[in-house]
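Colleague: Before I ask anything, here is the structure I am working with.
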Amino acid sequence: MAARGAGAGTTATGGPATSFQRKAAAGSRLAAVPGTRPSVRHGQLLLSSGLPSLDGVLGGGLAVGTLLLIEEDKYGVYSNLLFKYFLAEGVVCGHDLFVASAMEPPDNILKKLPAPLLDDTHRNELREEVTPAKSEDFQDSMKIAWRYENLPKMEASPTTSTKFGHYYDISKTMSPELLQSIKWHSFYLPEELSLEPKLKMCNMNCGYANLLHSIQRVIYQEGFDGSHPQKKQKNILRIGIQSLGSLLWGDDICSSDTPEDIHSLTKFLYVLRGLLRKSLSACIITVPSHLIQNKAIMERVTNLSDMVVGLESFIGSERETNPLYKDYHGLLHVHQIPRLNSLICDVSDTKDLAFRLKRKQFTIERLHLPPDLSDTVSRSSKQDLAESAKLLSSGCGAMAIGKKHLDF
């Protein structure tokens, strides 16, 4: 005991010993997972959503073990793009995929994934398309608003501080060779209901019960839960569920104000989050929130999700022809950001966000309104301008007598 105490109190050089040891193995384990990085703020492992501007809005990316809920636009055009971006990023990073849908076969969804731009030259061309080229006059010092010359410039789109994620060209599809290099699992509801018996658990919809059973089987058998070590290097399971809560899933929350299974969707999300918390996985779900008539159900769905992002499309609305929004195709609403290992959430600096669909890329940008509503200032005639100038030069008393009067 004496020798043991002496060794604990002194070092080989005779100096005082310390009980603190550097844990280098823990940091190496975090960096060993491909396509991920640890967060600087809360230490959680992050993965990219496939859209760098969306990663900046979400605080750097999606944390492993969390759920991202996307409220679909009315026609489901832009929400499907975010859904494909998430899956395409998993293919490029070598992650395992689990694709579930009741509307379209998962293999057809994977065939339509956008092609990645892994070359720096193509990536620079894509950035030039998104960000218009600045004129030489703008690069020079500002002549009119000289007092704003030294102010910091604001980036057009919210991005992360470090390089994370990849860029994709939506005008091209991913090569079949790249898809064959990863392992993916599918869940197509019409086929699953015909092959497997209908499950009914805890008053839950049979479609949701079968989906939970399939996700749980993949997590446990492939070793993503950590109870059974994976055979090879640790990997991430990306789960994508399309149009959850629609009529195609056998749920009537979109067709009735008082649905028969009012708690079916919320129970599914509750169990799903439990599976995600205990595994190396992340999930993205699109929900047709504009069709859900009972708003109380949508509030519970929001509370059971970690991150909630809503897409408001301008298609078929008055804003489509409004000159204020001529450069954008819709608005992005961030409803919920998770609080991970902290009391506050990592909120973006900008609240007003919009998105636009270019020929090759879908981007999220800060909403900038134009300085003028039209190219020319609307005036009745030059005569009115001259009369207004005379009234302004003659003082307030003359203004009240002339044609153009001002009330003070």
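The values are calculated or read from the model by the stated rules, or taken from the named source; none is laboratory data. Note that the structure is predicted; figures quoted are calculated from it, not measured. Heads up, the Cβs are rebuilt from the backbone with ideal geometry, glycines too, and the neighbour counts pull from every protein chain shown. Remember, those area values only see protein heavy atoms, side chains included, never the ligands or the DNA or RNA. Shrake-Rupley method; radii C 1.70, N 1.55, O 1.52, S 1.80 Å.
Colleague: Give me the accessible area per residue for segment 270-309, probe 1.4 Å, as a whole number in Å².
Modeller: 39 Å²
Colleague: Counting only protein heavy atoms and using a 1.4 Å probe, what share of the accessible area of segment 201-357 belongs to carbon plus sulfur, as a whole percent?
Modeller: So the carbon and sulfur contribution to the accessible surface is 52 percent.
Colleague: Could you give log10 I(q)/I(0) at q = 0.19 Å⁻¹ for segment 221-305, computed by the Debye formula over C-alpha point scatterers of equal weight, without solvent?
Modeller: For segment 221-305 at q = 0.19 Å⁻¹, log10 I(q)/I(0) is -0.83.
Colleague: Continuing with this model, one more query. Would you please classify the overall shape of segment 273-316 from the alpha carbon gyration tensor, given that a ≥ b ≥ c denote the square roots of the eigenvalues, rounded means a/c under 1.5, and beyond that prolate means a/b larger than b/c while oblate covers the rest?
Modeller: oblate
Colleague: Using DSSP to define loop residues, name the GluC sites (Glu not before Pro) in segment 199-304 whose beta-carbon has at most 16 other beta-carbon atoms within 10 Å.
Modeller: Glu260
Colleague: So which of Lys74/Lys360; Lys112/Lys234; Lys183/Lys234; Lys84/Lys295; Lys111/Lys172 end up more than 18 Å apart, counting from Cα to Cα?
Modeller: In this structure, Lys74/Lys360; Lys112/Lys234; Lys84/Lys295 exceed 18 Å between Cα atoms.
Colleague: Hey, another quick one. What accessible area per residue, rounded to a whole number of Å², is obtained for segment 53-100 using a probe radius of 1.4 Å?
Modeller: Accessible area per residue: 17 Å².
Colleague: Here's something else I'd like to know. Quickly work out the Leu193-to-Arg41 label distance, labels modelled 7 Å from Cα along the C-beta direction, and quote it in nm with one decimal.
Modeller: The modelled label-to-label distance comes out at 4.2 nm.
Colleague: Please give the FRET efficiency for Lys278 paired with Glu177, using the beta carbon to beta carbon distance and R0 = 30 Å, rounded to the nearest 0.05. Before the final figure, lay out the partial values.
Modeller: Numbers: r = 34 Å, r/R0 = 1.13.
The formula returns an efficiency of 0.30 here.
Colleague: So if we plug the beta-carbon distance of Gln293 and Lys358 into 1/(1 + (r/R0)^6) with R0 = 45 Å, what FRET efficiency do we get, rounded to 0.05?
Modeller: Values: r = 35 Å, r/R0 = 0.78.
So, using R0 = 45 Å, E works out to roughly 0.80.
Colleague: Related question: Please report the spacing between the Cα centers of segment 268-324 and segment 45-80 in Å, no decimals.
Modeller: That distance is 11 Å.
Colleague: If packing is taken as the average count of other Cβ atoms within 10 Å, what order do 333-339, 81-87 fall into, highest mean first?
Modeller: Working: 333-339: 15.9, 81-87: 23.6.
Those peptides, ordered most packed to least, come out 81-87, 333-339.
Colleague: Could I ask something else about it? Between Ala32 and Gln233, what is the label-to-label distance in nm when each label sits 7 Å out along the Cα-to-Cβ direction?
Modeller: According to this spin-label approximation, the distance is 1.1 nm.
Colleague: Another one. Could you put Tyr167, Tyr75 in order of accessible surface area, largest first, with the 1.4 Å probe and the full protein assembly present?
Modeller: Tyr75, Tyr167
Colleague: Based on the alpha carbons, how large is the Rg to Rh ratio for segment 260-359 when Rh follows Kirkwood?
Modeller: Taking Rg over the Kirkwood Rh, I get 1.03.
Colleague: What net charge is computed for the residues neighbouring Ser101, neighbours being all others with C-beta under 15 Å from the C-beta of Ser101, Lys and Arg scored +1, Asp and Glu -1?
Modeller: -2
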